[in-house]
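Data block below; observations after.
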Amino acid sequence: MIKRVLGFGLIFSVAVGAAYFLVLNKPKAARVLPVYNPTDIGEGLVDSSLREKSHGHTIDTFSLTDQDQQKVTEKTIEGKVFVAEYFFTTCGSICPKMNEQMQRVQKAFKGEGRFKILSFTVDPETDTPDQLKTYAQAHQAIPKQWYFLTGKKEALYDLARKSFFILKPAEAKNLGDANSDFIHTNNFVLVDARRQIRGYYDGTQAKEVDRLIQDIRTLLAEK
């Protein structure tokens, strides 16, 4: 009788232990990242023509020039996950911090053909392809993965206002028109393979960039 009780006790203990192991090791549900539309963004960041749009927003088409004097368009990132930022090469404040962090992002996805980085200049008059090339080399940018982009000022600013929504309210007030001075932002923008915005991150903060790296992995795993 004692042996039978001990046997049942052993079986019960094994069953409980197995169940506990399965609970602890149950795969975590993949985090679902939000999709951002103009109505999800602060009014001051969104061009007035788009403020009522609540679904279906995607990054617009574009045609710019990279550090190797090659044309880069929306076709370049077709079907790719990418991170966008706005910067300028002569910036001595937040840009060095941002692109130090962006180097971490590039390193985390080195050799991943489904991932790109797009760095748009806010000062195209200064940031010629040659200037961008020097800057890219200083940041060990991998060709065809990290693009530094220049072009017409109006096109660059339209993308910021109407596609990426990265201007802070105080910055947006200073724009006025396409010829006004652009105050750059510390935001990184995560975009999925369908050109939908999936996240915003402070590019000067390591913890925020850690979150970005994890979210990129989430998007790359999406079907």
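The values are calculated or read from the model by the stated rules, or taken from the named source; none is laboratory data. Because the structure is a prediction, the values reported are computed rather than measured. Neighbour counts are summed over all protein chains in view; Cβ atoms, including those assigned to glycine, are modelled from backbone coordinates with ideal geometry.
The single condition from (1) farther than 15 Å from Ala160 by Cα; (2) buried (at least 20 other Cβ atoms within 10 Å of the Cβ) that Leu45 fails is (1). When the range 136-160 is filtered for residues that are buried (at least 21 other Cβ atoms within 10 Å of the Cβ) and either touching a Leu at 6+ places or on another chain (Cβ under 6 Å) or not in a loop (DSSP other than H, G, I, E, B) (or both), the ones remaining, listed by number, are Ala136, Trp146, Tyr147, Phe148, Leu149, Thr150, Leu156, Tyr157, Leu159, Ala160. In this structure, is Gln131 part of a helix (DSSP H, G or I), of a type in the set (S, T, N, Q) and either at pLDDT 95 or above or under 17 Å from Gly44 (Cα atoms) (or both)? Against the criterion (part of a helix (DSSP H, G or I), of a type in the set (S, T, N, Q) and either at pLDDT 95 or above or under 17 Å from Gly44 (Cα atoms) (or both)), Gln131 qualifies. Does the range 29-37 contain any residue that is outside any loop (DSSP other than H, G, I, E, B), touching a strand residue (DSSP E or B) at 6+ places or on another chain (Cβ under 8 Å), under 18 Å from His139 (Cα atoms) and of a type in the set (Phe, Trp, Tyr)? No: zero hits.
Of all residues in the range 79-95, those that are closer than 27 Å to Thr218 by Cβ have Cβ atoms under 7 Å from Cβ atoms of residues that are surrounded by fewer than 20 Cβ atoms within 10 Å (Cβ to Cβ) and among the basic types (Lys, Arg), 6 or more apart or on another chain, in Lys80/Arg114; Val81/Arg114.
Within the range 124-141, can you find the residues that are charged (D, E, K, R) and in contact (Cβ under 8 Å) with a residue 40 or more places away in the chain? The answer is Lys133, and nothing else. For the range 134-151, a tally of residues being at pLDDT 95 or above and farther than 21 Å from Arg194 by Cα returns 12.
Is there a residue being at pLDDT below 95 and closer than 24 Å to Arg211 by Cα anywhere in the range 50-61? The answer is no, given that none of the residues of the range 50-61 is at pLDDT below 95 and closer than 24 Å to Arg211 by Cα.
This table checks each residue for (1) touching a Cys at 6+ places or on another chain (Cβ under 8 Å); (2) closer than 20 Å to Asn187 by Cα.
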{"residue": "Ser48", "(1), (2)": "no, no"}
{"residue": "Glu52", "(1), (2)": "no, no"}
{"residue": "Ile59", "(1), (2)": "no, yes"}
{"residue": "Ile77", "(1), (2)": "no, yes"}
{"residue": "Val81", "(1), (2)": "no, yes"}
{"residue": "Phe88", "(1), (2)": "yes, yes"}
{"residue": "Pro96", "(1), (2)": "no, yes"}
{"residue": "Glu125", "(1), (2)": "no, no"}
{"residue": "Lys153", "(1), (2)": "no, yes"}
